[in-house]
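First comes the structure, then the notes that go with it.
The values are calculated or read from the model by the stated rules, or taken from the named source; none is laboratory data. In this text, all values refer to a predicted model and were calculated from it rather than measured experimentally. When we count neighbours, we look across all protein chains shown, and the Cβ atoms used for this are built from the backbone with ideal geometry, even at glycine.
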Amino acid sequence: MTRVVLTAVQVVVVVAVAPLLVGVMRQVRARLEGRAGAGIGQPWRDLRKLLRRPAASPAGTGWAFRIAPLVLVGTSLVLAAVVPLLTTASPLDPAADLFAVVGLLALGTVTLALAALDTGTAFGGMGASREITVLALVEPTILVAVFALSARVGSTNLAAIVTATQHDPLRVASPASLLAAAALAIVVVAETGRLPVDNPATHLELTMIHEAMVLEYAGPDLALVELAAAMRLTILLGLLGSLFAPWGIAGSAVVGLPLALIAFAGKVTALGAGLGAGEVFIAKLRLFRVPELLAGSFVLALLAVASSFFLA
Amino acid sequence: MTDSSYAQYLDLAAGLFLLTAVGVLWRHQLAPMVRLFAVQGFALAAIVGILGAHHHSIELLLVAVGLGALRAGVLPWLAGRALRNAPAEARETRPVVNVASSLLAAAALTLLAYAVTRPLVALSPSPATTILPAAVTVVLVGFFILVTRRRALSQVVGFLLLDNGITATAFLTAAGVPLIVELGISFDLLLAVLVMQMLTTRLRAAFGTTDLDELRELHD
């Protein structure tokens, strides 16, 4: 019973925190650029405004366009329940498998790409094609990088990996773990559509990726897509924190929950603020050089696997 | 230093050593390449220093200091000076193999290095020999840079990478070479870089570029 409660709390926290995290990142960026910024609550206010509008969909679109926001939010909610962010004792533990998590991420992305193709606009098609290119390079890297971490634990279960790291903190400083951390960080940036791979602040660029796909959405659908994007960002940053700094994550006892909440908030805010601050200093990469960056992160992941096998 | 922390420090230094080699392959700009090479020199000195501290060998510690001064200090400084004299040559614009493919090639070279060093590691498994594959990978990556880059300076960096790898291999397998041999190699290296710097200057004076593809024809 406590496990169900803990997981429910985790899902609610992720949903509540995700837009705030986006707000924090925008605020950090605004302050560093010398602007006042809209405050960290602005994404939530945007979502409220969008949810009140009547639903509208472009003429000629079919089921793929309509179910995409629901599938996207649905996969994000499942991810929020299975990934060990606050607790390692999710009742969905058997599903907290590395391959299942990567599959869920890919399912959401592919559905959105199909929806973008369904609109039949030029931007939708371009965005979908780019997103799939990035996806094809990102998913193997996530798999290989987490595989490097799981090789020592002997299990691809995320909760098992996190628990093992909690018992043996020195493991974080091993070369395999550091290489995997670097590879995963690059991949998370690409998967969530941040600079230098994609610019989240504009939908007026010819080279946009994520924004090109959601260009035709309006009203509650757009709200769902944006909420899901924010949740994926939170989950991936949280996963990064859990894998490489697993301190404070509660087991199956409710007692550890307050500490876990504080630790989670601290880790995600630090990572998000770091990402937001980093974005001030870099420009978007040319689209043709994105595969170079992702190939680099794939090599890092592969080196991580190699060292976790051969240095062990 | 206990045995487990010794192995851990050694692993960490070897990881940095390998990572900088991949970093050199990753970058187009020559200035970061030189900086990464300096970091790699430091990692090499750290490996030798850790070995020296473990074996309580003053000679190895002295060699580590010397290696650090040469490869993290003097050689990057010389390469950086050659770079500052030619600001227009600061980019590797069109390598023979593009960067994404060369990174994947580096991945393949890593696996190759692991495959070929397995019998060597099996001879005497110890923390030092288990990181031998990393050193051999750096040798192969250095070779790869030497073969696929066009600018004279990036070829120099490739050559130095190759030599870093060879030195690391020597220290990891044989726990060091006689001091006199190490000194000889170091001076050789210094002279090679000085000569290549001279050559680069002459190349630029003669052709206006350091693209070594220009050297295919004979001129009088």
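Rundown of residues vs (1) of a type in the set (Val, Ile, Thr); (2) closer than 24 Å to residue A:236 by Cα; (3) assigned to a helix (DSSP H, G or I), yes/no style:
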{"site": "A:50", "(1), (2), (3)": "no, no, yes"}
{"site": "A:54", "(1), (2), (3)": "no, no, no"}
{"site": "A:60", "(1), (2), (3)": "no, no, no"}
{"site": "A:66", "(1), (2), (3)": "no, no, yes"}
{"site": "A:69", "(1), (2), (3)": "no, yes, yes"}
{"site": "A:77", "(1), (2), (3)": "no, yes, yes"}
{"site": "A:80", "(1), (2), (3)": "no, yes, yes"}
{"site": "A:85", "(1), (2), (3)": "no, yes, no"}
{"site": "A:90", "(1), (2), (3)": "no, yes, no"}
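Yes or no, residue by residue, for (1) within 14 Å of chain A (Cβ to nearest Cβ); (2) closer than 30 Å to residue B:4 by Cβ; (3) free of Cβ contacts under 8 Å to residues at least 40 places away in the same chain:
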{"residue": "B:41", "(1), (2), (3)": "no, yes, no"}
{"residue": "B:61", "(1), (2), (3)": "no, yes, yes"}
{"residue": "B:75", "(1), (2), (3)": "no, no, no"}
{"residue": "B:82", "(1), (2), (3)": "no, no, no"}
{"residue": "B:97", "(1), (2), (3)": "yes, no, no"}
{"residue": "B:105", "(1), (2), (3)": "yes, no, yes"}
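Please verify whether region B:176-190 includes one or more residues that are out of contact with any Lys or Arg (no Cβ under 6 Å at 6 or more places or on another chain), crowded, with 22+ Cβ neighbours inside 10 Å and part of a helix (DSSP H, G or I).
No, region B:176-190 contains no residue that is out of contact with any Lys or Arg (no Cβ under 6 Å at 6 or more places or on another chain), crowded, with 22+ Cβ neighbours inside 10 Å and part of a helix (DSSP H, G or I).
Within region A:236-244, is there a residue that is away from chain B (no Cβ under 14 Å), buried (at least 18 other Cβ atoms within 10 Å of the Cβ) and over 17 Å from the mean Cα position of the chain (by Cα)?
No - not one qualifying residue is present in region A:236-244.
Listed residues A:176, A:128; which is out of contact with any Lys or Arg (no Cβ under 9 Å at 6 or more places or on another chain), in contact (Cβ under 8 Å) with a residue 12 or more places away in the chain and surrounded by 20 or more Cβ atoms within 10 Å (Cβ to Cβ)?
A:128
Identify the single condition in (1) assigned to a loop (DSSP other than H, G, I, E, B); (2) at pLDDT below 85 that residue A:99 does not satisfy, given that it satisfies every other one.
(1)
Given the criteria within 30 Å of residue A:214 (Cα to Cα), within 14 Å of chain B (Cβ to nearest Cβ) and touching a Leu at 6+ places or on another chain (Cβ under 9 Å), does residue A:141 qualify?
Criteria met by residue A:141.
Say we look at region A:153-176 and pick out the residues that are in a helix (DSSP H, G or I) and within 13 Å of chain B (Cβ to nearest Cβ); which of these is nearest to residue A:306 (Cα to Cα)?
A:176
Of the conditions (1) within 14 Å of chain B (Cβ to nearest Cβ); (2) without any contact (Cβ under 8 Å) to a residue 60 or more places away in the chain, residue A:202 fails just one. Which one is it?
(1)
Go through (1) within 12 Å of another protein chain (Cβ to nearest Cβ); (2) without any contact (Cβ under 8 Å) to a residue 60 or more places away in the chain; (3) surrounded by fewer than 22 Cβ atoms within 10 Å (Cβ to Cβ) and name the single condition residue B:116 misses.
(1)
Across region A:263-312, which residue is farthest from the other protein chains (Cβ to nearest Cβ) among those that are in contact with a helix residue (DSSP H, G or I) (Cβ under 7 Å, 6 or more places away or on another chain) and outside any helix (DSSP H, G or I)?
A:285
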